[in-house]
Amino acid sequence: MTLYTHILTQILISVVSVAGVFVLTGMTGMFSLGQAAFMAIGAYTSGILVTKLSAPIYLAWPAGVVLAVAVGFIVGLPTVRLRRDYISLVTLGFGEAITALLNRTTALTGGASGLTGIPKVTTLWSALVSAVLVITLISLFKNSKYGRQCIAVRSDELAAKSMGINVPKVKMIAFLISVAVTAYGGCLYAFYTAYVDPSLFGWKKSAEWVIMVFFGGVNSLTGSVLSTFVLSGLPEVLRFLQNYRAIIYAVLVLLIINFKPAGLLGEWELTPRNLRRIIARGRRVQQPKGVN
Amino acid sequence: MALLKVEHIYKSFGGVKAIQDFSIEANRGEIHGIIGPNGAGKTTIFNVISGIYPADEGKVLLDGKDITRMEQHLISREGMGRTFQNIRLFKGLSVLDNTMCAFDPRSRYGVPGSLLPLPKRYAEEKRGREICMGYLKMVGLESYAQEKPENMSYGYRRRLEIARALTCEPKVLLLDEPAAGLNPVEVGELTELILRLSRELGFAILLIEHRLELVMNISQIIHVQNFGKTIASGTPGQVRSDPGVIEAYLGKEEC
């Protein structure tokens, strides 16, 4: 396998997780600093089921997602009724607790030395199909009644309640969808690298995803996907710069936040209608040249 | 039976008695004006009626049902629509989607329909769009359906707030200073709109307003608030000649 297919597969797996974070942070305005822990639950559950219990993959992966959603429900329950900031605190604590737990339960998870021997199942193509499928589901969600309600909650919780929107329920739905998608990303990841260890799923990973969503545009799924490609691809492209890569990454993020606070694409989405508009604009620009 | 019956509500914030013994009874087709100087507790009355804060004492009945301790979103679904003093539209959603948000709680599809292209979803979305377009047309915004609310004038945003409140299919509509920030022409249009809505939809309207000409013209009954207390209530004529009101509020206007 060449280096490029390797990088591309990893980016596509990140796209899956970032799409999950988009529902939570981009659409609903909730910041989870423990989102990577749900990826860990997906990765470890499916990995352990296959390596230790030799369960078939088509059972192990859904089990990973279901367990993550069940845990997400318990984590979400006390937070959805509170102000949105509280979920950052609760998920941060939860995420760090999960990594600590994974480090401690050596017999089951391999502890700090990681879980090995996971079969390599994920390929570039299955990652691509997963990414496309997840993006489709989430763009359908964004244009549905709950998608609209998520955006309404992000914009103004009080007004949303006054319009009959059940705010805690909408927050919970957004949270669980993002958990399910992120956990699925974890399954893809574990069965691609064939090895997972707790240090991969700390709060830094979660924060990185939040940055990606903000970089791309707070209300644009297209932007989140684009920024995942840019921000995960960039360190690979700039490998020759060695340690200076981190500086370039930071400068890029700061520039966007300063000059485009709504993110790279803001609210713009790549829809057939917007695409046609761009093409039409391109033609209009070209036409005068033809006349002259 | 009265559509809205508020019985002796009290609300304090620490030592501030924002509402003391406020009562109102509003019937179908009636417009009630609530006036008073700044800080008289007018918006607090709306916030208690619509469930943002619970009342300390007293009862709120909507169409005979006790809603005093109900959650805010359930009160809305019982038939309470409201607008806000400082416009609170949903940023990031189009004009049509802003009104759709008020329809969505009644939309009959669930989470699976939100993620998958099920036929039920498209049928319900279509039904919602038709209802919402109807209300947008009523306030004269049907040609701005795809516009972003941020790009519209203040007057149009006020109307959109009214359309969104109408989409809740209210039995009682609470309008919190709908004319604030409007120019005289827009105030005239708004007055007509409120009268037409009251006639056509037949709900009860409660109106907080600083512009006395607007309130006096369209309200059947006016309640005058000062320092949390109702100092007078009655027809515009009665209120106008009430000595207590003239002293507390209108006196300044006549000087």
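Looking only at residues of the stretch B:92-109 that are more than 7 Å from chain A (Cβ to nearest Cβ) and part of a helix (DSSP H, G or I), we find that the one that is surrounded by the fewest Cβ atoms within 10 Å (Cβ to Cβ) is B:R106. Kindly evaluate A:R284 against the criterion of being in a helix (DSSP H, G or I), more than 23 Å from the chain's Cα centre (by Cα) and not hydrophobic (A, V, I, L, M, F, W, C). Judged against the criteria, A:R284 is a match. Scanning the stretch B:132-144 for residues that are surrounded by fewer than 18 Cβ atoms within 10 Å (Cβ to Cβ) and touching a residue at least 12 places away in the same chain (Cβ under 8 Å), we see that the one that is farthest from B:C101 (Cα to Cα) is B:G140. Which residues, counting only those in the stretch B:60-72, are touching a Ser or Thr at 6+ places or on another chain (Cβ under 8 Å) and either within 12 Å of chain A (Cβ to nearest Cβ) or of a type in the set (S, T, N, Q) (or both)? If the condition is that a residue be touching a Ser or Thr at 6+ places or on another chain (Cβ under 8 Å) and either within 12 Å of chain A (Cβ to nearest Cβ) or of a type in the set (S, T, N, Q) (or both), then B:Q72 is the only one that fits. Can you confirm whether B:R164 is modelled with pLDDT of 95 or more, under 16 Å from the mean Cα position of the chain (by Cα) and buried (at least 17 other Cβ atoms within 10 Å of the Cβ)? Taking the combined requirement at face value, the residue satisfies it. Among the residues making up the stretch B:110-133, those that are more than 18 Å from A:M163 (Cβ to Cβ) and within 9 Å of chain A (Cβ to nearest Cβ) are B:G110, B:V111, B:G113, B:L115, B:L116, B:P117, B:R121.
Please enumerate the residues belonging to the stretch A:112-136 that are in contact (Cβ under 8 Å) with a residue 24 or more places away in the chain and assigned to a helix (DSSP H, G or I).
Of everything in the stretch A:112-136, those that are in contact (Cβ under 8 Å) with a residue 24 or more places away in the chain and assigned to a helix (DSSP H, G or I) turn out to be A:A112, A:S113, A:L124, A:S126, A:A127, A:L128, A:S130, A:A131, A:V134, A:I135.
Among the conditions (1) surrounded by 13 or more Cβ atoms within 10 Å (Cβ to Cβ); (2) in contact with a strand residue (DSSP E or B) (Cβ under 7 Å, 6 or more places away or on another chain), B:V187 misses just one, which is (2). Each residue in the stretch B:26-71 was checked for being assigned to a loop (DSSP other than H, G, I, E, B) and not aliphatic (A, V, I, L, M), and 19 pass.
Do we have B:L195 as part of a helix (DSSP H, G or I), among the hydrophobic types (A, V, I, L, M, F, W, C) and more than 14 Å from every other protein chain (Cβ to nearest Cβ) here? Spelling it out, B:L195 is indeed part of a helix (DSSP H, G or I), among the hydrophobic types (A, V, I, L, M, F, W, C) and more than 14 Å from every other protein chain (Cβ to nearest Cβ). Scan the stretch A:140-168 for residues that are more than 9 Å from every other protein chain (Cβ to nearest Cβ), within 27 Å of B:Q85 (Cα to Cα) and surrounded by fewer than 23 Cβ atoms within 10 Å (Cβ to Cβ) and the total you get is 2. Scanning the stretch A:169-194 for residues that are more than 14 Å from every other protein chain (Cβ to nearest Cβ) and part of a helix (DSSP H, G or I) yields A:T182, A:A183, A:G185, A:G186, A:C187, A:L188, A:Y189, A:A190, A:F191, A:Y192, A:T193. B:A18 passes every criterion in (1) under 25 Å from A:S155 (Cα atoms); (2) more than 16 Å from the chain's Cα centre (by Cα) apart from (1).
The values are calculated or read from the model by the stated rules, or taken from the named source; none is laboratory data. Keep in mind the model is a prediction, meaning the values are calculated, not measured. When we count neighbours, we look across all protein chains shown, and the Cβ atoms used for this are built from the backbone with ideal geometry, even at glycine.
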